[in-house]
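Engineer: Supplied in structure tokens, the structure appears directly below.
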Amino acid sequence: MRNIIAHEYGKIDLDEIWKATQGDVPNSCLHWKRSWRVCRRRTSELRYLWRTMLMTTRKPATVGEILMEEFMQPLALTQGALAKAMGVRRKHVNELCNDRRNVTASTALILARVFGNTADFWLNVQRRTDLWNAMHSPWERSRIDRARPLKVAA
């Protein structure tokens, strides 16, 4: 059975990476792209742990940054022109660009239709930002640390 994991950059065949490194993996981790690490078990069997966005130290790009740098600037769109194409007020686009408004499902659908991508793209950008903010906010962190797992009856 092949060890293949889905990754944000596509599928990664971990067996091929293991062959390339010939078992010479550092004790802490082997960095491939940015989201996973390889650990060694006593049985010489590989165990692959998925590193989630909660473990990253770099803040992910926000909706406003992606909207401005990846979509509006290359197309030479102004906020007013984008607002007209989206059918919303210019204030709505301005708040998105300045990260003062979150992307909702309806806004994601509108952006997907305007730029020809998927609503999942816009919602995932928002989700990554929300997760990072929750994990790096002291108040939210204390709330998370207070939570206890449920005990399951056998």
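Engineer: Among the residues of segment 42-73 satisfying the criterion of being hydroxyl-bearing (S, T, Y) and at pLDDT 50 or above, which is surrounded by the most Cβ atoms within 10 Å (Cβ to Cβ)?
Structural biologist: Residue satisfying both the conditions and the ranking: T62.
Engineer: Here's a follow-up. Taking only segment 92-113 into account, find how many residues are among the aliphatic types (A, V, I, L, M), closer than 12 Å to L67 by Cα and part of a helix (DSSP H, G or I).
Structural biologist: So the answer is 5.
Engineer: Follow-up. Within segment 75-91, which residues are assigned to a loop (DSSP other than H, G, I, E, B) and not hydrophobic (A, V, I, L, M, F, W, C)?
Structural biologist: Those that are assigned to a loop (DSSP other than H, G, I, E, B) and not hydrophobic (A, V, I, L, M, F, W, C): T78, G87, R89.
Engineer: Looking only at segment 127-142, count how many residues are more than 15 Å from A61 (Cα to Cα), of a type in the set (S, T, N, Q) and part of a helix (DSSP H, G or I).
Structural biologist: So the answer is 1.
The values are calculated or read from the model by the stated rules, or taken from the named source; none is laboratory data. What you see is a predicted model, and the numbers here were worked out from it, not measured in a lab. Neighbour counts are summed over all protein chains in view; Cβ atoms, including those assigned to glycine, are modelled from backbone coordinates with ideal geometry.
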